[in-house]
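The values are calculated or read from the model by the stated rules, or taken from the named source; none is laboratory data. Keep in mind the model is a prediction, meaning the values are calculated, not measured. Every residue, glycine among them, receives a Cβ derived from its backbone with ideal geometry; neighbour counts consider all protein chains shown. All accessible areas refer to the heavy atoms of the entire protein, side chains included, with ligands and DNA or RNA removed. Shrake-Rupley method; radii C 1.70, N 1.55, O 1.52, S 1.80 Å.
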Amino acid sequence: MFPKDFLWGGAVAANQCEGAYQEDGKGLSIQDVMPRGIKGPRTERPTPDNLKLEGIDFYHRYKEDIAMFAEMGFKVFRTSIAWSRIFPNGDEEEPNEAGLQFYDNLFDECLKYGIQPLVTISHYETPLHLAEAYDGWLDRRLIGFYERYVRTIFTRYKGKVKYWLTFNEINSILNSPFMSGGINTPKEELTDSQLYQAIHHELVASALATKIGHEIDPEFRIGCMILSMPVYPLSPDPRDVIRAMEEEHRNSVFTDVHVRGEYPGYIKRYFREKGITLDITDEDREILKNTVDFISFSYYVSVCATADESKNIRGEGNLLGGVPNPTLKASEWGWQIDPRGLRYVLNQLWDKYQKPLFIVENGLGAADTLVPDGKGGYTVEDDYRIEYMRDHLLQVEEAIEDGVDVMGYTSWGCIDLVSASTAEMRKRYGFIYVDRNNDGTGTLARYRKKSFYWYKDVIASNGASLHETEGGV
Ligand code: BGP
């Protein structure tokens with residue numbers, strides 16, 4: 001059974017839905033020069049083929065959209081603040097009032113319906129100037145710019161926002177240093193020392209945000225946000241088991257530091273053996289001791305690992321990827337579907353840390369077809385999405401039965417938006433269909449999908465309706 005105060009809802013990110021990329025004083029963000037996501041080359045300046053410049057026009061249509069979230073019964077709505085609306089270049093002394101006002105209006109609109117905002121402070125949308133002039137998080141000065149930004153938003157939205165996430169999928173910097181860390185230096189030229197130095201700066205900034213947040217409002221609940229991805233051994237060969245453990249360590253260092261306040265032994269060994277020496281000050285070590293209130297994470301895929309190099313083939317799927325699992329099916333985009341992996345990851349994190357857990361992203365990216373609904377309107381018969389979400393939510397319930405403290409679940413892309421990895425509209429996650437196509441055509445009209453009504457029932461029954469149809473796994 002789901003606890004009675006379970007936070008049901010949905011999630012988006014500013015850069016993938018707001019559009020209005022130059023409105024009300026907003027500066028450019030790295031997303032404005034990524035018309036193909038992480039798959040294609042970036043551009044010098046924004047180009048018209050970049051769907052994120054207009055997004056789904058959430059900036060102007062948020063009232064209509066939030067009303068639909070309220071109709072589904074959302075208790076929580078996760079979005080991000082676009083850093084470049086508040087500090088257009090990232091390094092100014094004074095914030096942009098029009099940007100601050102937009103989020104005041106947005107949060108007020110949520111609160112009007114009793115929906116709690118859950119805010120990601122930095123979601124793959126570093127101000128472009130910070131990437132170009134400082135090389136993003138490679139530069140220690142980013143900590144100070146981030147500190148000014150968080151002080152501003154914490155002070156401004158105190159009383160409206162209680163739940164905060166410091167960096168979206170902070171571990172994705174391992175694979176996407178530009179998108180995740182605003183690092184302009186091409187990935188191939190980055191040394192391991194540079195990468196881990198940038199990571200260190202982000203970890204310090206995250207802990208500093210937690211410290212400042214608790215000072216500004218002791219009621220704040222501040223969490224880290226991790227791209228979770230269980231790594232299974234490809235075979236029972238102990239060498240594969242150890243390889244899986246080592247690959248998990250690559251990611252778990254981020255939670256270890258956030259929850260325990262210091263670097264774990266295995267990463268110190270990695271640094272030693274790779275000859276990585278980091279600039280870590282005594283003050284940094286003190287700041288890192290400000291640990292998070294909860295752990296949030298995205299969950300889409302699990303992967304396998306093998307010590308047999310001939311089988312070590314990387315598959316598609318999420319930003320980090322891994323060896324495909326021969327027992328699982330995949331989505332149209334090659335992301336393998338593994339509902340039980342969600343129960344597994346919840347148990348793993350709980351066993352290790354005993355911190356409340358929040359699933360802040362999960363969902364199925366699929367190509368949808370709009371069809372007449374028989375009542376003069378249009379809908380999408382997205383039974384595949386319902387099946388995916390039901391199977392995952394039943395595993396969340398299993399984890400709750402296992403004794404795991406799960407705070408809530410916000411499905412990814414509760415309204416269709418531009419995808420992060422491929423920057424397209426065709427890959428849809430929403431309960432709400434948005435009429436916009438990969439070529440930029442479409443009216444931007446919104447339509448309720450079949451899953452809209454399904455999720456509404458799930459929330460109204462606090463998960464009981466999940467048992468009305470048999471689970472598929
Ligand atoms: C996560 C990101 C989101 C997001 C989601 C789905 O990695 O935090 O921003 O979009 O994955 O990925 P995609 O949009 O590439 O399908």
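Pairs of alpha carbons in the stretch 40-81 separated by more than 17 Å make up 49% of all such pairs. Share of carbon and sulfur in the accessible area of the stretch 30-141 stands at 49%, probe radius 1.4 Å.
What is the percent carbon and sulfur in the accessible area of the stretch 245-287, measuring with a 1.4 Å probe over the protein chains and ignoring ligands? Carbon and sulfur atoms account for 45 percent of the accessible area of the stretch 245-287. With only the Cα atoms considered, the stretch 7-134 has a convex hull volume of 107 Å³ per residue. Label positions at T327 and I216, each projected 7 Å from the Cα along the C-beta direction, are separated by 4.6 nm. Using equal-weight Cα scatterers in the Debye expression, the normalised intensity of the stretch 210-351 in log10 at q = 0.10, 0.15, 0.22 Å⁻¹ is -0.43, -0.87, -1.36. In vacuum, with every alpha carbon of the stretch 434-473 counted as one equal point scatterer, what does the Debye formula give for log10 I(q)/I(0) at q = 0.18, 0.26, 0.30 Å⁻¹? Two decimals, please. Calculated log10 I(q)/I(0) at the listed q: -0.63, -0.84, -0.99. Average accessible surface for the stretch 1-71: 40 Å² per residue, computed with a 1.4 Å probe over protein heavy atoms with every protein chain in place. When the pairs K63/K375; K4/K211; K352/K456; K211/K268; K52/K268 are compared against a 28 Å limit on Cα-Cα distance, K4/K211; K352/K456; K52/K268 fall above it.
Stokes-Einstein diffusion coefficient for the chain at 4 °C in a medium of 1.567 mPa s, Rh from the Kirkwood formula over Cα pairs: what value in µm²/s? Value of D from the Cα-based Kirkwood radius: 58 µm²/s. Annotation: per residue accessible area for the stretch 415-459 equals 31 Å², rounded to a whole number [probe 1.4 Å, protein chains only].
Ignoring ligands, DNA and RNA, what accessible area per residue does the stretch 182-289 give at 1.4 Å, in Å²?
47 Å²
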